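The values are calculated or read from the model by the stated rules, or taken from the named source; none is laboratory data. Only a predicted model underlies this, so the values are computations on that prediction, with no experimental measurement involved. Methodologically, a virtual Cβ is constructed for each residue, glycine included, from the backbone with ideal geometry; neighbour enumeration extends over all protein chains shown.
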């Protein structure tokens, strides 16, 4: 898996490439680095993700919680159908509002309004 960072104002888009599986700490490490640098609004772009297992899903949830602890927000963009189905089956659509439009995802993430639902709330 690889990640490309694209800053957009106070939001950073992370373009994910490849498979998100257990044991891969790249997402967690990247988000931790961004939080340390003061970035708290992140959009994860799944357009080039071919697979995500349940441990990968827990990585996304942990990243969401990390950002929420710092008053930030994590938005999901371009979810493949299989991953969108996984979010639906696990009830995580109550936590994450997925977007298919990059501009809309950035606007949602830039919004000063915090999400009303979230893991751990």
Restricting the first residue to segment 5-33 and requiring it to be on the phi > 0 side of the Ramachandran plot, which pairs with a second residue that is part of a strand (DSSP E or B) meet a Cβ separation below 8 Å and a spacing of at least six or different chains? 18/2; 18/48; 18/49; 18/50
Return yes or no: is residue 89 farther than 22 Å from residue 111 by Cα and either out of contact with any strand residue (DSSP E or B) (no Cβ under 9 Å at 6 or more places or on another chain) or surrounded by 13 or more Cβ atoms within 10 Å (Cβ to Cβ) (or both)? yes
Return the total of residues in segment 83-101 being in a helix (DSSP H, G or I), in contact (Cβ under 8 Å) with a residue 24 or more places away in the chain and over 13 Å from the mean Cα position of the chain (by Cα). 1
Among the residues of segment 18-48, the number that are crowded, with 16+ Cβ neighbours inside 10 Å, modelled with pLDDT of 95 or more and assigned to a strand (DSSP E or B) is 6
Per the filter on segment 63-82, residues under 21 Å from residue 103 (Cβ atoms) and outside any loop (DSSP other than H, G, I, E, B) are 67, 73, 74, 75, 76, 77
Single condition residue 51 does not satisfy, out of (1) part of a strand (DSSP E or B); (2) surrounded by 14 or more Cβ atoms within 10 Å (Cβ to Cβ): (2)
For segment 93-121, give me each residue that is touching a helix residue (DSSP H, G or I) at 6+ places or on another chain (Cβ under 7 Å) and modelled with pLDDT of 90 or more. 95, 96, 98, 99
